[in-house]
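A.B. asks: Below is the structure I would like to discuss, written out as C-alpha cells.
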Amino acid sequence: MSEVIKNRYEFVVLFDVENGNPNGDPDAGNMPRIDPESGLGLVTDVCIKRKIRNYIETVKEEEKGYKIYIKEDAPLNRSDREACKELGVEESDDKKVTEALKKLKKNDPNVDLKLRDYMCENFYDIRTFGAVMTTFVKAALNCGQVRGPVQIGFARSIDPIISQEVTITRVAITTEKDAENKSTEMGRKCIVPYGLYRVEGYISANLARKVTGFSEDDLELLWDAIINMFENDHSAARGKMAVRELIVFKHSKELGDCPAYKLFDAVEVSKKEDVEYPRKYQDYKVCVHEETIPDSVEVKRMI
C-alpha cells in the first residue's frame with residue numbers, strides 16, 4: 001500500500017444521459033428524479049457511489065484490501081464478523097457477538113481502533129466513503145461510524161430535463177389464458193431524451209490521515225473508477241451514459257489553500273448560444289476560469 005494522501009482535493013464530474021433513466025425515483029413510479037421547483041434532473045450521491053463500488057468490485061475481484069462492504073446479497077454483519085474473528089470473537093449469533101465485544105472492550109480499551117483499522121484496511125469503500133457498521137454500534141463501540149475522506153453530493157442537471165414516458169409492447173404473453181385473448185402485452189418506460197449532469201466532490205487528506213488511511217493508490221483508483229463508472233454498467237433502462245469531464249483541484253497542503261466554493265464557481269458550464277434544446281454534449285461549452293484560482297491550487301482535467 002502506498003502513502004496516505006497529503007493534499008486536499010475537490011473535483012467536478014460532468015456526465016450525460018441519452019434516452020435513458022439515470023436514477024429512478026421509487027416514490028414517483030421510478031421516473032427520473034427531478035427538482036419539482038426548477039425542473040432540473042437529480043441523481044443521488046448513493047447512486048453515484050454505487051457505480052464506483054461496482055467498478056472497484058469488477059476490477060479488483062475481492063483482491064485483498066479492495067473488498068466492497070456495501071454490495072448486493074451480502075449482509076453487512078457477515079463482513080463485520082470478519083473483523084470480530086481477527087480479535088478472537090468466533091460467535092455467529094448477533095446477540096452473542098455484541099455481548100462478546102462488550103466484554104472485550106472492558107479488557108482492551110483499544111478494541112475500537114483495532115476493529116476500525118481492520119475494516120478500513122480490508123474494505124475499499126469504507127476506506128473511501130466511510131460506513132455505519134451496525135454490529136459495532138450495537139456493542140457501543142466508537143468505531144461503528146467511520147467518516148470517510150471522500151464525500152460526494154447530488155448530481156444536478158445543467159438545464160431542466162423532460163421526463164418522457166414511452167409505451168412499449170411485448171409479443172410474449174405471460175399466461176396461456178391471456179394468450180387466448182391477446183397477442184401482445186403493454187408496458188412503459190421513462191426516459192430523459194438528453195441531460196448533462198454536474199456533481200461535485202471533496203477529498204479530505206486530514207480524515208485520510210487520522211481515520212481511514214486512504215492512500216495515493218486509492219486515489220488513482222478512485223479517478224479511474226469515476227471516469228469508467230458507466231462503462232461496465234450499461235442497460236436498456238439507463239440508455240447511453242458517459243462521463244464527459246473530470247476536473248480535479250489539488251491543494252498544496254492537507255487543509256487546503258482556499259474555500260471549495262471558489263473552485264467550483266470557476267467551472268462554468270453553459271449551452272452554446274445557438275442551441276435551444278440540447279441533445280448532445282457538443283451543445284454545451286465548459287470553461288475553467290483558472291485566473292480566479294489561487295496559484296497554489298493545481299488544476300487537472302483528467303479527460
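A.B. asks: State which residue is surrounded by the most Cβ atoms within 10 Å (Cβ to Cβ) when the search covers only region 150-190 and only residues that are of a type in the set (S, T, N, Q) and touching a Ser or Thr at 6+ places or on another chain (Cβ under 6 Å).
C.D. replies: Going through the qualifying residues, I end up with Thr184.
A.B. asks: Got a sec? Which of Arg50, Arg116 is outside the structural domain of Val288 (by TED's automatic domain parsing), modelled with pLDDT of 95 or more and either assigned to a helix (DSSP H, G or I) or farther than 21 Å from Val199 by Cα (or both)?
C.D. replies: Answer to the selection: Arg50.
A.B. asks: Answer yes or no as to whether Tyr202 is closer than 16 Å to Glu254 by Cα, in the same structural domain as Glu18 (by TED's automatic domain parsing), hydroxyl-bearing (Ser, Thr, Tyr) and in a strand (DSSP E or B).
C.D. replies: Against the criterion (closer than 16 Å to Glu254 by Cα, in the same structural domain as Glu18 (by TED's automatic domain parsing), hydroxyl-bearing (Ser, Thr, Tyr) and in a strand (DSSP E or B)), Tyr202 qualifies.
A.B. asks: Given (1) out of contact with any Ser or Thr (no Cβ under 8 Å at 6 or more places or on another chain); (2) at pLDDT below 95; (3) of a type in the set (Ser, Thr, Tyr), identify the lone condition not met by Tyr66.
C.D. replies: Among (1) out of contact with any Ser or Thr (no Cβ under 8 Å at 6 or more places or on another chain); (2) at pLDDT below 95; (3) of a type in the set (Ser, Thr, Tyr), the lone unmet condition for Tyr66 is (2).
A.B. asks: I want to confirm something. Restricting to region 150-171 and keeping residues that are over 30 Å from Phe264 (Cα atoms) and under 37 Å from the mean Cα position of the chain (by Cα), which single residue is modelled with the lowest pLDDT?
C.D. replies: Here the residue is Arg170.
The values are calculated or read from the model by the stated rules, or taken from the named source; none is laboratory data. These numbers were taken from a predicted model, which means no experiment stands behind them. Here the Cβ is made from the backbone with ideal geometry for all residues, glycine too, and neighbour counts use every protein chain on show.
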